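Comments concern the structure below.
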Amino acid sequence: MRRWIAASAVMLVVPMMATGLGSTANAQGAPADPIDALKRQLVENRGVKMSKVHTSTYIADGEKEHFWTEAVAEFGRGKITTIDMTYDSDRRNWTDPIRQITIEGRQYIQDDHLPNGKSWIPREDNEIRPVLSADWIKLADPVMLKAVLATTKVKRPAGIYDGTPTALYQGTINLGQLYKASPGFPFGLVAKPTRKEAKAKISWRLWLGEDQLVRRAWGSWREPFSKNGDVPVSYVVDARLTGWGAETDIAVPSADDVVTPSDWSSSETSVSLNPAAG
């Protein structure tokens, strides 16, 4: 049985290097719609900052776990090119915050306990992509944004976020529609959802500024397999976006700071030769 786990709980994700993160979007002229507004942002060395809170509630006893993400995404060539994130939690046995920098095909995870003074552990996989995720939606994906907004049931004026008055869009979308917009997403699914799974619903809200860019994204859903014996869990995610269009320059770790297999080997050898060891 597959368990429907929020992406923020399975993807290590985090503070980052960026410059001039302001609140003014970098777009020329009035965008035609939110999709056009987002596409205009996806240009070289521009980006956005995200703060996200993910709350898991165990329905039987009301116990809650929180996960916090801080991130900066850098754009280029119509997509995210790099994302730098920190990830923390009050989950039991959780230790230190985790920092992670992701580019296409490669990920770097920070670790202060590596041999030879190295700071980063690399992970290579052709499937790795930098994603700005609110768990149920990719916030920098025009295709997914279009799919979500197509299910809007309510639109009304709302509060001020990131210095701009916003309009609240609200609706419900199911897992099948999200998966169709971006196979494998959300929740780290590795297989196409079954017909029953595809009907699982996510209640969502998006706050769009006067420039039609997303300033806040909220979603709520429930573990759909609880009737089959899994622990019933409900999830709420609340993400805030600031500084659309700010100049960014996320530094990927240099080779000197990245651990290699030979570093591990030399570390093990030095330990085995230490007469005080063991």
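The values are calculated or read from the model by the stated rules, or taken from the named source; none is laboratory data. In this text, all values refer to a predicted model and were calculated from it rather than measured experimentally. Counting neighbours? That spans all protein chains shown, and the Cβs are built from the backbone with ideal geometry, glycine included.
Structure data summary
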quantity: Considering residues of the stretch 186-212 that are within 19 Å of THR242 (Cα to Cα) and of a type in the set (A, V, I, L, M, F, W, C) only, the residue nearest to the chain's Cα centre (by Cα); calculated: LEU206
quantity: Pick from the stretch 43-64, criterion surrounded by 15 or more Cβ atoms within 10 Å (Cβ to Cβ) and modelled with pLDDT under 95, ranking: farthest from the chain's Cα centre (by Cα); calculated: THR57
quantity: Selection count, the stretch 204-218, where residues are surrounded by 15 or more Cβ atoms within 10 Å (Cβ to Cβ) and either touching a Gly at 6+ places or on another chain (Cβ under 7 Å) or of a type in the set (Asp, Glu) (or both); calculated: 3
quantity: Flag if ALA147 is in contact with a helix residue (DSSP H, G or I) (Cβ under 6 Å, 6 or more places away or on another chain) and not acidic (Asp, Glu); calculated: yes
quantity: Subset of the stretch 168-202 that is over 17 Å from ASP141 (Cα atoms) and among the aliphatic types (A, V, I, L, M) - its residue that is surrounded by the fewest Cβ atoms within 10 Å (Cβ to Cβ); calculated: VAL190
quantity: Failed item in (1) part of a loop (DSSP other than H, G, I, E, B); (2) among the charged types (D, E, K, R); (3) touching a strand residue (DSSP E or B) at 6+ places or on another chain (Cβ under 7 Å), with GLU127 passing the rest; calculated: (3)
quantity: Pairs with Cβ under 6 Å, 6+ apart, first in the stretch 190-217 and farther than 28 Å from GLY29 by Cβ, second modelled with pLDDT of 90 or more and hydroxyl-bearing (Ser, Thr, Tyr); calculated: PRO193/TYR179; LYS201/THR172; SER203/THR172; SER203/SER220
quantity: Search result, residues across the stretch 116-162 that are small (Gly, Ala, Ser) and surrounded by fewer than 13 Cβ atoms within 10 Å (Cβ to Cβ); calculated: GLY117, ALA150, GLY159
quantity: Test: residue in the stretch 248-267 that is part of a strand (DSSP E or B), within 20 Å of the chain's Cα centre (by Cα) and either of a type in the set (S, T, N, Q) or at pLDDT below 95 (or both); calculated: yes
quantity: Residue match in the stretch 121-136 (condition: of a type in the set (A, V, I, L, M), at pLDDT 90 or above and in contact with a helix residue (DSSP H, G or I) (Cβ under 6 Å, 6 or more places away or on another chain)); calculated: no
quantity: Selection count where residues are more than 20 Å from VAL252 (Cβ to Cβ) and touching a strand residue (DSSP E or B) at 6+ places or on another chain (Cβ under 6 Å), scope the stretch 75-109; calculated: 4
quantity: Single condition ASN274 does not satisfy, out of (1) at pLDDT 90 or above; (2) of a type in the set (S, T, N, Q); (3) part of a loop (DSSP other than H, G, I, E, B); calculated: (1)
quantity: Conditions (1) crowded, with 22+ Cβ neighbours inside 10 Å; (2) over 19 Å from the mean Cα position of the chain (by Cα): number failed by THR69; calculated: (2)
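A quick yes/no check of all residues on (1) assigned to a loop (DSSP other than H, G, I, E, B); (2) among the small types (Gly, Ala, Ser):
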| site | (1), (2) |
| --- | --- |
| ARG156 | no, no |
| TYR169 | no, no |
| LEU178 | no, no |
| PRO183 | yes, no |
| GLY188 | yes, yes |
| LYS192 | yes, no |
| GLN212 | yes, no |
| TRP221 | no, no |
